[in-house]
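Engineer: My structure is below; once you've seen it, I'll send some questions.
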Amino acid sequence: MDNVVPFRNVAARVEVTEACGEWFVRVTEDDQELTRAFELESFALSYADGQRIRLGLHTITRI
C-alpha cells in the first residue's frame, strides 16, 4: 500500500480538562495515550503534576 502513512511520534504531554462535572487528565507519551477521570479537580491536578514530573515536562496544558 503506497498511501499508508506511519503513525508519527507525538511529543509527550499532559492535558487537563473539565466536562460535565468531572475532571479528565490525558497523558500522551510515545505511541500511547491514557485518559483518567477524577471527581475532584485537586485530585486531577495532583495526578497530572505527578505525570508531568515523571515525563520531565515543564508544563501541564489545560484545555
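Throughout, read-outs are computed from the coordinates displayed, never taken from laboratory work. Worth saying up front: this structure is predicted, and the values here are computed from it rather than measured. Note that we place each Cβ from the backbone using ideal geometry, even for glycine, and neighbour counts take in every protein chain shown.
Engineer: Could you list, ordered by first residue, the pairs with Cβ atoms under 7 Å in which the first is in segment 50-61 and without any contact (Cβ under 8 Å) to a residue 60 or more places away in the chain and the second is of a type in the set (Asp, Glu) and surrounded by 14 or more Cβ atoms within 10 Å (Cβ to Cβ), at least 6 apart or interchain?
Structural biologist: These pairs meet every condition: Leu55/Glu29; Ile60/Asp49; Thr61/Glu15.
Engineer: Tell me which residues, restricted to segment 13-36, are within 11 Å of the chain's Cα centre (by Cα) and surrounded by fewer than 13 Cβ atoms within 10 Å (Cβ to Cβ).
Structural biologist: Quick first cut of segment 13-36, residues within 11 Å of the chain's Cα centre (by Cα) only: 13-17, 24-29, 32-36.
If the condition is that a residue be within 11 Å of the chain's Cα centre (by Cα) and surrounded by fewer than 13 Cβ atoms within 10 Å (Cβ to Cβ), then Gln32, Glu33, Leu34, Thr35 are the ones that fit.
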